[in-house]
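J.: Sharing a structure below in structure tokens format, with a few things to ask.
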Amino acid sequence: MANPPSFYETPAPPGLKGIKAWLLTHDHKRLGLMYLWAILFWFVIALCVGFLLRIELATMGPTIMSARVYNSAFTLHGVIMIFLFIIPAIPAIFGNFFLPIQLGTDDVFFPRLNLLSWYLYMLGGMLAIVSLFSSGGFPDTGWTFYVPFSVGTKHNVPMTVFAAFILGMSSMLTGLNFITTVHRKRDPKMGWMQIPLFTWSLYATAWVQLLATPVISITLLLVIVERVFQVGLFDPAKGGDPILYQHLFWMYSHPAVYVMILPGMGVISEVIPTFSRKAIFGYKAIVVSSMGIAIAGSLVWAHHMYTSGMSDTAVFVFSLLTFLVAIPTAVKVFSWVSTLYKASIEMTPPLLLSLVFIYLFSVGGLTGLVLGAAGPDIHVHDTHFVVAHFHFTMFGGTGFAFFAALHYWWPKMFGILYNFRVAYIATTLTTVGFMFHYVPMFILGLQGMPRRYYDYLPQYAQGNMLAAVGGVLLFFGVMLMLANLMLSFRQRKTASANPWGGCTLEWTVPSPPPLHNFVTEPVIKDYPYDFSDVIAQIETEAKVEQGKPD
Ligand SMILES: [Cu+2]
């Protein structure tokens, strides 16, 4: 068997050579890979900043940075993790690479626009770097850029806010491309109820990207206008209303949490049936819940503002709506667990990461109900309880789904496998570190430790030290996981077209896929998770192995 091609040998668009074959590519697979390296770069940067923040909080008083640097550091960590990692990660990398293949087609509907989205992503990243080294330094406002502080602070808010604006454009264009591709480019033999769940999750996400992102775009531009022209939109000193900013900000940023989590849920809906060798439980229910989450999730934004001042009726309504969103979310968790029930489970690194996702995300979701209820929320608002909650949902959720996607589709993207044992060790280290890092924060928050404070009272010292130990384990666990994947390029263990026994279309094409994806006409199954032929093939192989006649 010839050596598998390494990633830079993925088929180049005709007529383009060398670096041009990347920087001018219209191929969705190559764009997925270009996003992969850029997004991994930002993820590692933000992870390192997070690690330093945790070291700073390991002991009381100054440890490794000043209060001024601390404020900019947690803002930098938040801005990169939200706008440069968690929002684009799964849609831009795995959506670009696999959505067209799962739909049985050769590319997205607007390939050039797709290339433009990547350049906007890169430009947004560059602007964030520039604002780091520009006069005034990186903002010290937190990633929420709350006014009036973000209007008054000397730090370079306009540049960073503009970077987020540009990244929003990239996100919107990606969403537009995915929606159009699902409607206009899927294989004509594929009906809506034959579309794989990963692609469905991206479709639901794309509508939120397209409809909600413009709200944050205009809001961020208004912050720049407010700073430059002193118009008094948000600044109460000039007759403005800072609460208006909060409503506009969260009208995007809460739906944005579904832009972050829905694609991750789509990954889990692919991995669980594959290693259960069983049709996913409740396919239609999962499809409806994806769209339901996208719609209902746009109606709950003010649950971030119970302490900002609104009528009791408004608090009641937003609290009720927040509980309602938990229902379609729970439908997915029940469907995944029901699929595993009585299945012939084959443990692999992507499955282990998906099981950890289900546990961590459920803890995140359930603590979200605590925060959705006005009473407890007013007690723990702006404390480390909130920090723990959204790290369980965003890191425990989307972060682990990202790791699961990396390990699930790595063989398909690069035609090579990785070391399973190291992957298991890294997953265990990361999970144990995660628990020791974030669980103490729930307790510190309940005890009243505010978030975003540089220092704390003696009664919080023990919890912070425990969290620091967890942070170290977590950091090295993730580093080991990524290093193991990088090492696979050196080991170059060949992967077959279908190493996992998956049954969606990407497992029917070679690893890595050829330029136009399909060498033969794709076969569209009546039901996307029909494992009958995969199981038949496994049984045949088993018989051959035992030397029995077929
Ligand atoms: Cu929210």
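The values are calculated or read from the model by the stated rules, or taken from the named source; none is laboratory data. Being a predicted model, the structure only gives us computed values, none of them experimental. We place every Cβ from the backbone using ideal geometry, glycine too, and count neighbours over all the protein chains shown. Side chains are part of the model used for accessible areas, which takes the heavy atoms of the whole protein and leaves out ligands, DNA and RNA. Shrake-Rupley method; radii C 1.70, N 1.55, O 1.52, S 1.80 Å.
J.: Determine if region 362-372 includes at least one residue that is more than 13 Å from the ligand (Cβ to nearest atom) and over 20 Å from Ala388 (Cβ atoms).
T.: There is no residue in region 362-372 that is more than 13 Å from the ligand (Cβ to nearest atom) and over 20 Å from Ala388 (Cβ atoms).
J.: Starting from residues that are aromatic (Phe, Trp, Tyr) and at pLDDT 95 or above, keep the ones in region 113-148 and report whichever is farthest from the chain's Cα centre (by Cα). Let's see the steps before the verdict.
T.: Pass one, region 113-148, residues aromatic (Phe, Trp, Tyr): 118-119, 121, 133, 138, 143, 145-146.
Those still in the list that are at pLDDT 95 or above too: 118-119, 121, 143, 145-146.
Values: Trp118: 17, Tyr119: 20, Tyr121: 15, Trp143: 17, Phe145: 21, Tyr146: 23 Å.
Here the residue is Tyr146.
J.: Pick from Pro242, Pro263, Pro214: which is under 15 Å from Leu167 (Cβ atoms) and away from the ligand (no atom under 14 Å from the Cβ)? Walk me through it before giving the result.
T.: Working: Pro242 fails: under 15 Å from Leu167 (Cβ atoms); Pro263 fails: under 15 Å from Leu167 (Cβ atoms).
That would be Pro214, the only listed residue that is under 15 Å from Leu167 (Cβ atoms) and away from the ligand (no atom under 14 Å from the Cβ).
J.: Right, here's the next one. Kindly provide the set of residues from region 284-301 that are open to solvent by less than 10 Å² (accessible area, probe 1.4 Å) and either more than 16 Å from the ligand (Cβ to nearest atom) or in contact with an Asp or Glu (Cβ under 8 Å, 6 or more places away or on another chain) (or both), ordered by number.
T.: Hits for region 284-301 are Ile286, Val287, Ser289, Ser290.
J.: Quickly run through region 457-466 and pick out the residues that are surrounded by fewer than 18 Cβ atoms within 10 Å (Cβ to Cβ) and either touching a helix residue (DSSP H, G or I) at 6+ places or on another chain (Cβ under 7 Å) or assigned to a loop (DSSP other than H, G, I, E, B) (or both).
T.: Once the filter is applied, which keeps residues that are surrounded by fewer than 18 Cβ atoms within 10 Å (Cβ to Cβ) and either touching a helix residue (DSSP H, G or I) at 6+ places or on another chain (Cβ under 7 Å) or assigned to a loop (DSSP other than H, G, I, E, B) (or both), region 457-466 yields only Leu457.
J.: Further question on the same structure: Can you find even one residue in region 43-57 that is in a helix (DSSP H, G or I), surrounded by 18 or more Cβ atoms within 10 Å (Cβ to Cβ) and acidic (Asp, Glu)?
T.: Yes, that holds for at least one residue.
J.: Determine, yes or no, whether Ser131 is out of contact with any helix residue (DSSP H, G or I) (no Cβ under 7 Å at 6 or more places or on another chain) and without any contact (Cβ under 8 Å) to a residue 40 or more places away in the chain. Outline the logic, then answer.
T.: Values: out of contact with any helix residue (DSSP H, G or I) (no Cβ under 7 Å at 6 or more places or on another chain): no; without any contact (Cβ under 8 Å) to a residue 40 or more places away in the chain: yes.
Taking the combined requirement at face value, the residue does not satisfy it.
J.: Tell me which residues, restricted to region 302-322, are aromatic (Phe, Trp, Tyr) and either within 14 Å of the ligand (Cβ to nearest atom) or touching a strand residue (DSSP E or B) at 6+ places or on another chain (Cβ under 8 Å) (or both).
T.: Result: Tyr306, Phe318.
J.: Please verify whether Tyr527 is open to solvent by 20 Å² or more (accessible area, probe 1.4 Å), over 30 Å from Tyr70 (Cα atoms) and not charged (D, E, K, R), treating the condition exactly as stated.
T.: yes
J.: I would also like to ask the following. Quick one: is Val325 within 16 Å of the ligand (Cβ to nearest atom), at pLDDT below 95 and either open to solvent by less than 50 Å² (accessible area, probe 1.4 Å) or of a type outside the set (D, E, K, R) (or both)?
T.: yes
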